[in-house]
Amino acid sequence: MINHQYVLQSFSCLSRPTASRLHNMGLCEGCPIKVIQRYPFHGPVIIENNHQRIGIRYRDFAALTEVEA
């Protein structure tokens, strides 16, 4: 899962404020991301997009990439 490429799916599964914040940081549907670090026990996931690193909750990451939780 580390250094693995994912493509973001639909933002409709997120709350409006979370989707808005991610969009303001340059993330959009269909854009590729790379997982930099994943913390244990479904902790935060550090992703990278356009040389910008962002920490998001695991459940948001799983919803955006359709990973089994």
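The values are calculated or read from the model by the stated rules, or taken from the named source; none is laboratory data. Nothing here was measured: the structure is a model prediction, and the numbers come from that model. Reconstructed Cβ throughout: ideal geometry from the backbone, glycine too, with neighbour counts over all protein chains shown. Surface accessibility is based on the protein's heavy atoms, side chains included, excluding ligands, DNA and RNA. Shrake-Rupley method; radii C 1.70, N 1.55, O 1.52, S 1.80 Å.
When only DSSP loop residues count, what chymotrypsin sites (Phe, Trp or Tyr not before Pro) in the chain have their Cβ near at most 15 other Cβ atoms within 10 Å?
When the chymotrypsin sites (Phe, Trp or Tyr not before Pro) of the chain are filtered for loop state and at most 15 Cβ neighbours within 10 Å, Phe41 remain.
Return the calculated 222 nm mean residue ellipticity for the chain, to the nearest 500 deg cm²/dmol, obtained by summing -39500 (n - 2.57) across DSSP H runs with n ≥ 4 and dividing by the residue count.
Using -39500 (n - 2.57) per qualifying helix, the result is -7000 deg cm²/dmol.
Looking at (1) 34, 25, 20; (2) 27, 25, 16; (3) 53, 19, 15, which value of Cα extents along the principal axes in Å comes from a calculation on the structure shown?
Calculated Cα extents along the principal axes in Å: the matching label is (2).
If you roll a 1.4 Å probe over the range 5-65 with all protein chains in place, what percent of the accessible area is carbon or sulfur?
Carbon plus sulfur share of accessible area: 51 percent.
Per residue, how much accessible surface does the chain expose to a 1.4 Å probe? Answer in Å², no decimals.
Computed with neighbouring chains in place, this is 66 Å² per residue.
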